[in-house]
Amino acid sequence: MSDDILKDLSWLPRAPEDFRKQRRALSDKTGPVGQDLRFLATHRLSDSQLTQLAQTIVDLRSAGADLAPLVPFRLGLVGNGTLDLVAPLLVASAARHGIALEVVQTEYGQLMQEAMSPQSGINSAKCDAVLLALDYRALPGLGSPTSVNDALAFLGALREGFRQNSGAISIVQTFAPPAEALFGHIDRVLDASPRGALDRINTELARSAAASDDVLLDVAAIAELVGLANWHSPQQWNLAKLPFDAAYAPFYADHVARLVAAIKGKSRRVLILDLDNTVWGGVIGDDGLEGIRIAQGDAVGEAFLAVQANALALRARGVVLAVSSKNTDSVARGPFREHPEMLLREDHIAVFQANWSDKATNIKTIANELSLGLDAMVFLDDNPMERDLVRRMLPQVAVPELPADPALYVRTLMAAGYFETIAFSEEDRKRADFYQDNAKRVALQASAGDLDSYLASLNMEIFFAPFDAMGRKRIAQLIAKSNQFNLTTRRYTEADVATLEEDPDVFTLQVRLTDAFGDNGMISVIVCRPQGEDAWEIDTWLMSCRVLKRRVEQMVLRELVEAARRHGKKRLIGVYIPTERNALVVEHYAELGFTQVETDATDGRTVWELDTATEVPEAPMTVHRAAQRAEAEPAQ
Amino acid sequence: MQDIYEKLTEILQDVFDDDEIVASPTLSAADVDGWDSLAHVRFILAIERGFGVKFSAAEASAFANVGELANGIAAKRTA
């Protein structure tokens, strides 16, 4: 059956024979266990195995074990069916996506009370998000004249209730229509039929989720993928009130997990392609330009063309492409340069690694050149040995299993959902170009030697502006996603950002950078709050890692110091709060000339101070500045 | 019948996370730690998948012990 790829999560390698033993061994391990949990979770596990792995995670957590580098996330789970079977699957699947998930459940059927009462179990648990796992049976009177509006009002009240009473966002599910038509084909246009009504509810839900902080889980699309008649099991509903066939529970759980990971900014960003028998049929070194198969009209060649077309479509939405191939460089580049049927061309590839080193080394080089972590990488290779090697050497890299038939490569890769995202902006679209340009810069830098003359040659222009409505989405996105260059890792939603725009006491900066290679877009975000009469505390300072080592921080500080002076502030106070990911900036304030005034022994935070009379030297870039609000005073 | 019991042992060990369980005709929910109503559902679903059979709700709740279950599976497989 062709839904096997989905149902069996066939992009994951088979579970090890001694899975149970490996899992039990984790309970005795000292030190952080997150990496091991993630490794075990990244297999094709049965629902029993997932349930047991979840139990191990729960036990480890209550024993006080360190689950790092998994990122904690608390998820409220409410719904109208039996969710006890799926809850542990969510926990285990989340580990696969780098999340230490804690699930908070409610009593069956207490939906509205849970949302409305500030003291309810879900609300008092202060969840990061609440998953509204409702199916169509939760909507009474479906097909009645008011059912569409009733359903939307009901869902709106739940979402608003959780938000108001706990601050949690909602993960909202679309509704899979029942497998039985009421009228027949005309169902689609009749609100009096479940399908017609649910179509309209789903459209409206998707729209309202996109217009809010809430996140959409498109269960209707999942059910479409596997087929409604498979998705809905009347026996299992009757037997145990299972809202969908339990055979799909691991697939559903993986979807929830990848969405949570996307909320935490942990989606992957780079697709690394092997070449021979992955991007084209055959071996270029043996078969030559005429021998490899990529032609239209050739069934084998078209399968590989589909891989290329898919890579290009991913690139167009901002996924960076790279190549890792065991080949002589000039031979591997041949098809990209000369083969008329190739869709991929050299300038689509940010980093091209064709050599005879092992692939783990090459993938590390690619990550370095792009200034991205290994956990942002996906590696596509038809060769099981290479896949296995990379999984062992670099467990952070996602390496999908591939079926024997290349016709199914694209479906398998895309079913894994590595590049899940919860928002898409114009800047995302250009991201592949950003990173590609950055790789060029790294290469140039390596050859340039003298950093200052290199920086000068970049013709950088920096743009400072206060937060505004136009930048809001991107600001919120950076605040949600930046982990490494982030001094305090405080997360603010889009609504919070809007509030900051209006707050007269708060000083904000959004920073953009262009250079000789192109527009880097927004690269830094700053929030300062007053502390006492004479100081600003830097509440948030984050920066995109793709502009590291370009003295942008220095220019930002220069801007901050000048602004602080204009506001009559004598001191700037910087705070560094350590996380698993931000060791990069542990010396940030020291390097900028701040003096350390305090260490908090418990969470390792450090506090720093700078006199605003300090002259911060200029770095080689041109400054542009939009007026700060409420700064009507004449220029000096 | 022997193969059914072997496979049932495998499924029981998997569902109840216990290497010691062995399927026998008289084994019942009372003999196994953690065999509650939820675990029963997981067990039945695992059997359906493992043996490629389907049980009605009535059948699923009617088995008093593993022996009756094994007979039920055998009957469905020959049907």
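Brief remarks on what is shown
- Any hit, the stretch A:594-606, residues being at pLDDT 95 or above and hydroxyl-bearing (S, T, Y): no
- Residues (assigned to a helix (DSSP H, G or I) and among the hydrophobic types (A, V, I, L, M, F, W, C)) located in the stretch B:1-42: B:I4, B:L8, B:I11, B:L12, B:V15, B:F16, B:A29, B:A30, B:L38, B:A39, B:V41
- Qualifying residue in the stretch A:294-308 (condition: surrounded by fewer than 19 Cβ atoms within 10 Å (Cβ to Cβ), assigned to a helix (DSSP H, G or I) and touching a Lys or Arg at 6+ places or on another chain (Cβ under 8 Å)): yes
- B:V66 falls short on exactly one of the conditions (1) touching a helix residue (DSSP H, G or I) at 6+ places or on another chain (Cβ under 8 Å); (2) closer than 24 Å to A:D84 by Cβ; (3) of a type outside the set (G, A, S); (4) within 14 Å of chain A (Cβ to nearest Cβ), and that condition is (4).
- Those helices (runs of 4 or more DSSP H) of the stretch A:201-261 in which at least 1 residues are over 20 Å from A:F162 (Cβ atoms) and within 14 Å of chain B (Cβ to nearest Cβ), considering only elements entirely within it, cover A:228-231, A:234-240.
- Annotation: A:Q510 fulfils all but one of (1) surrounded by 21 or more Cβ atoms within 10 Å (Cβ to Cβ); (2) closer than 22 Å to A:N459 by Cα; (3) out of contact with any Ser or Thr (no Cβ under 9 Å at 6 or more places or on another chain); the unmet one is (3).
- Scanning the stretch A:56-73 for residues that are within 14 Å of another protein chain (Cβ to nearest Cβ) and surrounded by fewer than 17 Cβ atoms within 10 Å (Cβ to Cβ) returns A:V58, A:D59.
- Restricting the stretch A:391-412 to residues that are among the hydrophobic types (A, V, I, L, M, F, W, C) and within 19 Å of the chain's Cα centre (by Cα), the residue that is nearest to A:G301 (Cα to Cα): A:V399
- Residue check for A:L6: outside the structural domain of A:H255 (by TED's automatic domain parsing) and within 25 Å of A:L374 (Cβ to Cβ): no
Conditions tested, residue by residue: (1) at pLDDT 95 or above; (2) in contact with a strand residue (DSSP E or B) (Cβ under 8 Å, 6 or more places away or on another chain); (3) acidic (D, E).
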{"residue": "A:A480", "(1), (2), (3)": "no, no, no"}
{"residue": "A:Q484", "(1), (2), (3)": "no, no, no"}
{"residue": "A:G518", "(1), (2), (3)": "no, no, no"}
{"residue": "A:C528", "(1), (2), (3)": "yes, yes, no"}
{"residue": "A:E533", "(1), (2), (3)": "no, no, yes"}
{"residue": "A:D539", "(1), (2), (3)": "yes, yes, yes"}
{"residue": "A:P578", "(1), (2), (3)": "no, no, no"}
{"residue": "A:E591", "(1), (2), (3)": "no, no, yes"}
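- Checklist (1) modelled with pLDDT of 90 or more; (2) within 13 Å of chain A (Cβ to nearest Cβ); (3) not in a loop (DSSP other than H, G, I, E, B) applied to B:S61, failing item: (1)
- In the set A:V104, A:V86, only one residue is among the β-branched types (V, I, T) and more than 14 Å from chain B (Cβ to nearest Cβ); that residue is A:V104.
- Summed over the stretch A:385-431, the residues that are part of a loop (DSSP other than H, G, I, E, B) and of a type in the set (G, A, S) give a count of 5.
- Residues of the stretch A:565-606 classified as part of a strand (DSSP E or B) and more than 17 Å from A:I526 (Cα to Cα), total: 6
- Residues of the stretch A:147-159 that turn out to be of a type in the set (D, E, K, R) and either under 14 Å from A:A206 (Cβ atoms) or touching a residue at least 12 places away in the same chain (Cβ under 8 Å) (or both), as a count: 1
- Looking across the stretch A:3-55, the residues that are free of Cβ contacts under 8 Å to residues at least 40 places away in the same chain, assigned to a loop (DSSP other than H, G, I, E, B), within 17 Å of A:R392 (Cβ to Cβ) and away from every other protein chain (no Cβ under 14 Å) come down to A:P16, A:H43.
- If you go through the stretch B:15-51 and keep only what is within 13 Å of chain A (Cβ to nearest Cβ), small (G, A, S) and either in contact (Cβ under 8 Å) with a residue 12 or more places away in the chain or surrounded by 17 or more Cβ atoms within 10 Å (Cβ to Cβ) (or both), you end up with B:G34, B:A39, B:A46, B:G50.
- Search result, residues across the stretch A:533-542 that are of a type outside the set (A, V, I, L, M, F, W, C) and either surrounded by 18 or more Cβ atoms within 10 Å (Cβ to Cβ) or in contact (Cβ under 8 Å) with a residue 24 or more places away in the chain (or both): A:D534, A:E537, A:D539, A:T540
The values are calculated or read from the model by the stated rules, or taken from the named source; none is laboratory data. Note that this is a predicted model, so its numbers are computed, not measured. Neighbour counts are summed over all protein chains in view; Cβ atoms, including those assigned to glycine, are modelled from backbone coordinates with ideal geometry.
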